[in-house]
1. Of all residues in the range 758-793, count the ones that are crowded, with 18+ Cβ neighbours inside 10 Å and either more than 30 Å from Y726 (Cα to Cα) or within 26 Å of the chain's Cα centre (by Cα) (or both).
2. Taking the condition of being charged (D, E, K, R) and closer than 20 Å to S385 by Cβ, how many residues in the range 408-427 meet it?
3. Select from the range 798-829 the residues that are touching a helix residue (DSSP H, G or I) at 6+ places or on another chain (Cβ under 8 Å) and closer than 15 Å to D845 by Cβ and list them in ascending order.
4. Exactly one condition in (1) closer than 23 Å to Q253 by Cα; (2) in contact with an Asp or Glu (Cβ under 9 Å, 6 or more places away or on another chain) is not met by Y887; state its number.
5. Kindly establish whether T402 is crowded, with 16+ Cβ neighbours inside 10 Å, over 27 Å from K230 (Cβ atoms), among the hydroxyl-bearing types (S, T, Y) and at pLDDT below 95.
6. If I filter the range 815-834 down to residues being in contact with a strand residue (DSSP E or B) (Cβ under 6 Å, 6 or more places away or on another chain) and in a loop (DSSP other than H, G, I, E, B), which single residue comes out as farthest from F755 (Cα to Cα)?
7. For the list (1) crowded, with 21+ Cβ neighbours inside 10 Å; (2) under 16 Å from L265 (Cα atoms), I need the number of the one condition that K853 fails.
8. Would you mind stating whether P348 is surrounded by fewer than 21 Cβ atoms within 10 Å (Cβ to Cβ) and closer than 30 Å to Y252 by Cα?
Amino acid sequence: MKKNIRFALLATALAFPTTMIEAKTVKGIVTDEQGNPLSGVVIEVPSELGYFTTNTEGIFDLNINNDVRILTLRYRGYKDTKVKVSEDGNVKIVMKSDQSLSDEMIDVALNRKERRETYTGAVSTVKSDVISRTPSIGSDVTLEGHLAGVTQMQNSGVAPDDGTAYYIRGFNSYTGNAILVVLDGVPSPTLSINSLDPGSIESITILKDAAAKALYGPVGAQGVILVNTKKGISGKNQINGNANFSLTSPTYQLSTRDSYSYATLRNQALIANGLPKAFNDNELQSYQDGTGTDNRWTDILLNHPVVVQNYNANIKGGNNRVQFFVHGGYIHQGSIYKTNFDSDKYDPTNSYQRFSLVSNVDVNVFKFLKAFISTNLRYSNNNQSAESVSSIYNEIIRQPATLIGPTTSDGKVLTNEYFGNPAFGQINRTGQYTYRTTNINANFGLDLDMSFITQGLSTRGLIGYQSNYYDVFKKNRTYARYTYDNTGNLVIMGSSIDSPISIAKYTSTFYFMNIQAFIDYKRTFGIHSVEATAGYLAEDRISDGTSRNWSLPMNRISWNLHAKYGLLDRYFIQYDFNHSGSEQLKKGNRFHSSNTISGAWVISKELFMQKVNWLNMLKLRSSYGNLTYDNFYSIGRFLYLDDIRNEQGAGVINSLYTAALIKEYQRGNANLHWERSKQLNIGVDFTLFNALSVSLDYWNNQQTDMIVRSEIVPELLGVSNSYLPYQNIGKMNNKGIDLNINYLIKKGKNLIINFNANLGYNRNKVQNIDELDLSADNYAYPYRRTGFCRGQSFGYEIDYSNGNGFFNSKSEIINSGLTYSGTAPRVGDFIYKDQNGDKVIDERDYVPLASTKAVPSVAYGFGTDVTYKDFDLHIFFQGIGDYARVYSGLGIYENQSQGVYNTHHEHAWTAERYAAGESITYPTLTTTTSSNLVSNSFFTSRSDFLRLKNLTFGYSLPHSLVKKLHLEKIRVYFSGENLFTTTKLKFKNIDPETGTVGLPINKIYNFGLNINI
């Protein structure tokens, strides 16, 4: 026993000094590139269980195993650094700042910035180089296809109506699509991004998930767009000037059909309706041999191309005390119509002008206090004739080539009895309409560094102001129209006369005030990092409009709390809280809170990942939040109150009263409360080989308590659904994925290739809106909204069982045994499927028409940028998918006006064509109504498209030459927009993005010069 004890003691004694020999001391200091010590740098030692940090002077003193050869240092905002341990154990380490894509600073809620690598939310961002690359009139058009999770649909190609409709992750409420726009930190409720000069914008960021947008409360629940303009810098003043000249023409246009083709189709439609021909054989012959009237109105009245001029210049600079940025821009878009007016008292020339001025000044008042003031001014002047631009365009499409005109040799306007107000007269003789807008956005803020109390503490405040002033000046007149009678004499039409000009003027104003106050705390304690923000926001808006309730002030207030904790610069957890109040609801329901929790794990910073050299960054993140929404102004205000009005009633009894009647217009609901949304997001970001960056998100938004009217109403109540109160009974689900890919290739010093692509997919389903179940009435589909996506269209399904889907004879109509509600079918009309088997074709046989919806399910974009020496090339494609519309009206139905025919009407059903076995692609033509011209599967078409959105080629003059001119850079460029489109739309001459033959989107050819001083 004693021998065993002695042996144990001896072994312990021998082992202890051996352990001491295996340890060593390593000392050192860590600084940045300027030699400033870095406090709290995390030092990781292989095989050690703990972590070490530098002290306030950047010094560390470690006692580690003797076999350790490498130390890994990590610090927020700096590149990870590996150092070898020297023999003497003393090291000096310089850490380099990390400017990589994964660690860029991004704009986030409440005018803050965060590192992308540590951010827990989901955002999409475009920078100024992308925005300014496409020299468009407005900013939002340049964004199409660039933002994953954002669907944009352009309205037209004519300013100021050429903006786009935004949908962030689809439709998120049945009441509307209210996206919050924030300009330089201030919510701007009426701001159109398209009104901003692209050259003044530094970045546009889309906040998509609950973690990103929660701090904006109910107004941000459907998505937030952060727009930040450029700021000044310390150092030499930089001056930039840009001049751009553009030529535009329609991507698609339904041009005027030649007289012979039109007259032939018109006669065909009249004969099918049992009516006499409109054009006799002699007239047809004159049209065919070119001696008859053949006015191609789209050529006569439309300017092709339209000229657009775009000029802007800016200067930025400053010193350590003051930094400034000033930008000025001017845009002029010429008329799309050719004018020939007969008076010097008005000018109906269609044109659009916009002047813009942006000024941002930042001042370091003293050591602890900073101030800034931002001003964004836009003035626009839109001039046109007294008739709207769109109605004139549609009238041009309606007018056949057989219509005489436009004037006699002495300027009298010609027309006929079918076109009482011809397009030429609308353009040149109705007067002038001038619409001027003045928009002001101004912010003033202070930022106080309170580190004299404790390090990392600060407070800031901001006052934001927005005003919109609308000034309309209108000169109206009537004008004389002439035609030729049966004897060939020129006669005045009806009682039309050239009247004196009447003048009307009216104005409208909108004001918005926003006040923000925040306390911020941000600090790092060794391996721990904390940040917190507590804030208060209040806003007041008022409009002087005369509409019911809208001239009353609208007020909101909210309190916010943001807290975030980080460990080892790799584990992050975040909590966001918002408590908001809204006057939209009754007292007791006006305030509600929303909560969001989110987190991120930067896996690539784990020790077990250090040997994976090809993986530069890998991060998992997730968020879940309960958000609220009250922006249902599209329905009305004060929905909790009964709407009682004084107004003259309608109907036999009410007509007996000459005085105003008290009328209950709509019942209120005192129990109305906030719409709610539970939003989940799971995302992964990674970078491979310092070249390939990928961001992928899955999201799921569950909307509940949506405000809708119940359709389940007893008939005994005796009132229509429109009188019933709104209730919180709607449910809807949205889910999908967002994908963003970027791949960078560098070949030597001269060649850089960057490929980028993004994809957004959303799937929408209406789960409940208290819709009436129609199954008891033998409906094939008893629900028309519940269970389907928002915007699902219904209609008849064509029955092709006979081979072509048309009734090819009267006997076939009789033998079918079908009775059509409304207009009875003719020979050559569609055969519809009797879905419920009752032998009656009516709305009970409606079926969901494939892929029709309010918002496309798929939106994507991809492109490449190539820079070689002084040359640069940019190519970008944009598209949408899984989307269909039911088409109708002008350019689709042949019965519009006196017949408007498109290419799909050329092979309409006729007995001769059927007997000859020729191809038939359209039912029998008509001049009035028919059983064909209703919602059905034939008029439903996929509207997917892929468009070459932008192609830019530029050349920068050699630097040696530019220097001789005392300039920094001269670049000339050519670019084209909307140059090519491929689509699944089966109807020709219609742009798949707008879905109409109205004002089209334009192809644009740009020539530009950019100079930097």
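The values are calculated or read from the model by the stated rules, or taken from the named source; none is laboratory data. Predicted model, so just to flag it, every value in this text is computed and none were measured. Positions of Cβ are backbone-derived with ideal geometry, glycine not excepted, and every protein chain shown enters the neighbour counts.
1. The qualifying residues number 13.
2. Qualifying residue count for the region: 1.
3. S821, P825, listed by residue number.
4. (2)
5. When the stated conditions are applied, T402 does not pass them.
6. Among those that are in contact with a strand residue (DSSP E or B) (Cβ under 6 Å, 6 or more places away or on another chain) and in a loop (DSSP other than H, G, I, E, B), it is L818.
7. Result: K853 fails condition (2) only.
8. No.
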